[in-house]
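Below is one structure; the comments refer to it alone.
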Amino acid sequence: MEHDNDLDTGEMSAKAGVMTKAELVDEVARVVQLTKKQAETIVNIVFDSIVDSLRAGQKIELRGFGSFRLRSRKSRTGRNPKTGEKVEVPSKKIPYFKPGKELKELINHALGEAAGREEAGAQGSGLGAQAPNPGSSDTEP
């Protein structure tokens with residue numbers, strides 16, 4: 001599966017820290033065999049399109065990946081942490097990303113496989129069969 005190879009590369013970057021925009025540009029250039037300048041233009045166009053759509057009040061749906069939308073926050077009275085003085089915080093819109101079902105499954109499948117390999121090596125192959133169920137650890141106290 002081609003997605004698994006891409007996911008493995010992403011996991012390596014995630015282990016090293018955070019993937020930057022420059023690293024994303026490098027990855028696009030490598031995979032699509034473009035110059036870095038061309039890849040940077042593509043990445044910028046995608047980001048700009050998302051921002052422009054959100055500014056226009058539109059929801060962006062990327063099937064199999066997730067959706068971007070705006071959430072409204074009401075105005076409220078806050079407190080200046082330095083002086084303790086009350087401050088009015090105006091209402092604002094916050095961008096929000098909701099991952100899609102397929103993205104969640106791809107991530108959990110990869111994490112489940114990695115956990116299964118670790119458990120199988122540490123505890124024997126009999127317990128490794130339980131690892132692909134990523135939700136099991138969430139239910140334990």
| query | Quick one: which of 59, 36 is free of Cβ contacts under 8 Å to residues at least 60 places away in the same chain and more than 17 Å from residue 99 (Cα to Cα)? | reply | 36
| Among residues of the range 65-81, those that are part of a strand (DSSP E or B) and either free of Cβ contacts under 8 Å to residues at least 12 places away in the same chain or small (Gly, Ala, Ser) (or both), counted | 5
| note | Sole miss for residue 72 among (1) modelled with pLDDT of 95 or more; (2) hydroxyl-bearing (Ser, Thr, Tyr); (3) outside the structural domain of residue 20 (by TED's automatic domain parsing) is condition (1)
| task | Among what's in the range 82-137 and is loosely packed, with under 10 Cβ neighbours inside 10 Å and part of a loop (DSSP other than H, G, I, E, B), pick the residue that is modelled with the lowest pLDDT. | result | 135
| task | Output the residue which, of all residues in the range 65-81 that are farther than 30 Å from residue 104 by Cβ and surrounded by 11 or more Cβ atoms within 10 Å (Cβ to Cβ), is farthest from the chain's Cα centre (by Cα). | result | 79
| field | Members of the range 19-64 found to be under 19 Å from the mean Cα position of the chain (by Cα) and assigned to a loop (DSSP other than H, G, I, E, B), listed by number | value | 19, 20, 59, 63, 64
| task | Kindly indicate which of 64, 57 is in contact with a helix residue (DSSP H, G or I) (Cβ under 9 Å, 6 or more places away or on another chain) and either over 22 Å from residue 20 (Cβ atoms) or of a type in the set (D, E, K, R) (or both). | result | 64
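The values are calculated or read from the model by the stated rules, or taken from the named source; none is laboratory data. All values reported here derive from a predicted model rather than from experimental measurement. We place every Cβ from the backbone using ideal geometry, glycine too, and count neighbours over all the protein chains shown.
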